[in-house]
1. Need the full-extension length gain, Leu73 to Trp51, defined as separation in residues times 0.36 nm minus the C-alpha distance. One decimal, nm.
2. For a quick check: sort Tyr81, Tyr149, Tyr17 by the number of other beta carbons within 10 angstrom, fewest at the front.
3. Based only on other Cβ atoms within 10 Å, what is the fewest-to-most ordering of Arg116, Arg23?
4. Quick one: if the Förster radius is 30 Å, what FRET efficiency do Leu66 and Trp118 give, using the C-beta to C-beta distance and rounding to 0.05?
5. Grab the Cα-Cα distance for Glu4 and Arg20, subtract it from 0.36 nm times how many residues apart they are, and report the gain in nm with one decimal.
6. I'd like the FRET efficiency for Ala41 and Leu110, computed as 1/(1 + (r/R0)^6) with the beta carbon distance as r and R0 of 35 Å, rounded to 0.05.
7. Quick one: net charge around Leu85, please, counting Lys, Arg +1 and Asp, Glu -1 for every other residue with C-beta under 13 Å from its C-beta.
Amino acid sequence: MRFEAAFLVWLLFAVVYDFRQRRIPNWLVLAGAVGALIALAVGAAPFAGSWNSAVLGAAVGFGFLLVFHFLGLMGAGDVKYAGALGLWVGPAALAPIWIISSVLAAMHGLLWLALRRWPLSPRLALFLFGQPISRDGQTPTRRTRFIPYAAYLSMAAAIWMVWGRQSL
């Protein structure tokens with residue numbers, strides 16, 4: 001039994017949650033990490049292949065994005081999510097996934113700048129950037145991180161899963 005479907009469902013949850021809430025909860029990161037560990041334990045890991053590869057992928061994924069968190073450019077949920085993603089895919093896949101997700105995030109940022117300057121579609125702006133709300137769900141708050149990077153990591157991982165694995 002392979003775990004590709006479970007991986008895709010986890011990616012989908014991350015995309016939806018990050019776009020809607022602009023955060024990645026710990027339960028979602030933990031679910032992904034546990035899923036990857038179960039797949040490794042039963043010998044059905046779809047991508048990382050071995051324990052060494054999975055652990056190295058988690059360390060590289062977490063460690064690389066931790067630098068951006070310390071610089072104030074990324075939320076902690078994105079960093080933890082990258083570590084769990086590394087458990088699934090291993091270190092070899094992280095570079096193409098980061099490149100694809102960074103291009104998607106850059107496009108998001110450029111669209112944000114364009115819509116701020118020329119508000120052509122308020123509905124699109126609301127979808128992409130949302131109305132910031134507090135944890136109680138009622139009070140508007142100021143959000144400093146508007147790019148849902150974990151969602152873009154998930155999209156990039158799905159793209160890599162379909163097209164990128166042939167080259168590895």
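1. Working: separation 22, 0.36 × 22 = 7.92 nm, distance 3.06 nm.
Length gained between Leu73 and Trp51: 4.9 nm.
2. Working: Tyr81 29, Tyr149 25, Tyr17 20.
Starting with the residue having the fewest Cβ neighbours, the order is Tyr17, Tyr149, Tyr81.
3. Details: Arg116 10, Arg23 17.
By the 10 Å Cβ count, ascending: Arg116, Arg23.
4. Details: r = 36 Å, r/R0 = 1.20.
Efficiency, rounded to the nearest 0.05: 0.25.
5. Values: separation 16, 0.36 × 16 = 5.76 nm, distance 2.44 nm.
Difference between extended and current length: 3.3 nm.
6. On the way: r = 43 Å, r/R0 = 1.22.
After rounding, the FRET efficiency stands at 0.25.
7. Details: positive: Lys80; negative: Asp18, Asp78.
That sum, taken over residues with Cβ under 13 Å, equals -1.
Just so you know, all these numbers are worked out from the coordinates, no wet-lab data involved. In this text the structure is predicted, and so the values were computed from the model without any measurement. Positions of Cβ are backbone-derived with ideal geometry, glycine not excepted, and every protein chain shown enters the neighbour counts.
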